[in-house]
Amino acid sequence: MSRTSTPPASRRWTALALIALAQFMVIMDTSIIGVALPEMQAELGFTQEDLSWVFNAYVVVFGGLLLLGGRLSDLLGARRVFSLGWIVLGIGSLVAGLASDVAVELTGRAVQGVGAALIAPSALTLLMMLFGADPKELMKAFAVYGAAAPAGGTAGVFLGGLITEYASWPWVFYINLPIAALAVIAAPALLPGGAGTRGSIDWLGAATATLGLGGLVFAIVRAPEVGWASAQTWGVLVAAVALLVVFLAVQAKRREPLMPLTIFASANLGAANLAQALLGAAWVPMWFFLNLYLQQVLGYSAFPSGAALLPMTALIMLGMVVIAPRLTAKFGPKAMITTGLVLLAGGLGWLSFVHPEGTFVVDVLPASLVAALGMSLAFIPSLQMAISSAAPEQGGLASGIVNTSYQIGSALGLAVVTAIAVPFGANELGDPVALTDGFSAAFVAAAAVALAGVVLAAITVRTRKSELVEAA
């Protein structure tokens, strides 16, 4: 960036707190709605099949527009885009909280996703501007930034239960408003400014990627209701695939594409992104259906349901910040990615034995902890590999791609697993036996995704232990 104004060194760590808060919030907004879903369903009229769109509307737009958000950050200035993202997130949160029907609720969630797609890449750019000159301080800054993600996931689960139980579900969205206002006010004083650079924006690439991915998710979610062989299902699927083909064609021909395809010359970058996508595709369905099992089968109210997931999310945070980096340095990324995916598959398989008269201590807690440990062990090395496999000048692009892989993998995984679970009874509200059968099928399907990840990681990951140590 040109004409950059950097705040005094004494303020950099305060600025980092604001940047970490951004990462905390965009991840929290994926998890905070989980415990509130049953109450939202009852009040707004969601069907059981369509309930996953409260999650998908956010992550599809978030993931689909991340690359555009990074490009805008370069062109318009990271601080300006960072502040704009908070304003958009606040508007989306207000709309989602005030919603009185399904369409308005999903619109609000999609607008939140636009805001998150502006905030996340600009925050990372600002971090590099503040700490990039000192590798030692940069590593410390990345540690704080990285820890904010699992902290956001943990806080989202707990706060979602607390707010839903003692206030009402709209407040899981309203909580964003004062934080967004604080971020917009603090940004000019704490964050480096810059005029941006000259260049063009690949609007066609952004539109085709987001619409194509959204179409895939929509077709898969709707298929159990309208039929897999229906004209609607196949029409949307064909249109979605066509849009994604157009996206790839545009990226290959444009001088300034959102995602230069040459970045995938590194085999490990593709392998790491595939691992991230499959992690999201296995983990998010587990979190989604476990929330529903606790409330719709075991009868937990919102706050106990959120509290029940705290041990799992706390272990993820500990694993990502403390355990995974040490074990990866010792055994290498390939061993940890495959081991983590095996543990995640094992935990999901264990959860598939849930039954209508189950208990949290016996049927949920141990299995969820095994899955959480697996998630944390696989996530960190695959994330590091995805970023370190790219050339230094493409680090920001690699970060955007890996974030996109995880978010879109999450959305597609939830859509596929929901489509599998519904025929087994996951939509039979009021029938604990049928619901449990459906949720069990969902856990089996998610375990199969994780096992596929084990096989693909074993085949595709080429990085040796020494390479990751050097990259770190």
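Hey, among 29, 101, 50, which residue is within 18 Å of the chain's Cα centre (by Cα) and of a type in the set (Asp, Glu)? Before the answer, list the steps.
Details: 101 fails: within 18 Å of the chain's Cα centre (by Cα); 50 fails: within 18 Å of the chain's Cα centre (by Cα).
Every option except 29 fails the conditions.
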- Checking residue 287 against (1) closer than 29 Å to residue 398 by Cα; (2) touching a Gly at 6+ places or on another chain (Cβ under 6 Å), which test does it fail? (2)
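Answer yes or no as to whether residue 88 is modelled with pLDDT of 95 or more and within 23 Å of residue 163 (Cβ to Cβ).
Numbers: modelled with pLDDT of 95 or more: yes; within 23 Å of residue 163 (Cβ to Cβ): yes.
When the stated conditions are applied, residue 88 passes them.
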- When residues of region 75-118 are filtered for being over 15 Å from residue 33 (Cα atoms), hydroxyl-bearing (Ser, Thr, Tyr) and crowded, with 20+ Cβ neighbours inside 10 Å, how many remain? 1
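In region 188-202, is there at least one residue being at pLDDT 85 or above, part of a helix (DSSP H, G or I) and out of contact with any Leu (no Cβ under 9 Å at 6 or more places or on another chain)?
We begin by selecting, within region 188-202, every residue at pLDDT 85 or above; these are 188-192.
With part of a helix (DSSP H, G or I) added as a condition, the list becomes 188-190.
This time we only want the ones that are out of contact with any Leu (no Cβ under 9 Å at 6 or more places or on another chain), so: 188-189.
Within region 188-202, one or more residues are at pLDDT 85 or above, part of a helix (DSSP H, G or I) and out of contact with any Leu (no Cβ under 9 Å at 6 or more places or on another chain).
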- Query: When residues of region 308-350 are filtered for being part of a loop (DSSP other than H, G, I, E, B) and more than 21 Å from the chain's Cα centre (by Cα), how many remain?
  - Reply: 1
- Query: Residues 451, 435: which one is of a type outside the set (Gly, Ala, Ser), buried (at least 21 other Cβ atoms within 10 Å of the Cβ), part of a helix (DSSP H, G or I) and modelled with pLDDT of 90 or more?
  - Reply: 435
- Query: So residue 207 clears everything in (1) closer than 29 Å to residue 27 by Cβ; (2) surrounded by 18 or more Cβ atoms within 10 Å (Cβ to Cβ); (3) of a type in the set (A, V, I, L, M) except one condition, right? Which one?
  - Reply: (2)
- Query: Does at least one position in region 278-294 carry a residue that is surrounded by fewer than 24 Cβ atoms within 10 Å (Cβ to Cβ), among the hydroxyl-bearing types (Ser, Thr, Tyr) and in a helix (DSSP H, G or I)?
  - Reply: no
- Query: Within region 317-358, how many residues turn out to be over 21 Å from residue 447 (Cα atoms) and β-branched (Val, Ile, Thr)?
  - Reply: 4
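The values are calculated or read from the model by the stated rules, or taken from the named source; none is laboratory data. Model, not experiment: these values are computed from the prediction. Reconstructed Cβ throughout: ideal geometry from the backbone, glycine too, with neighbour counts over all protein chains shown.
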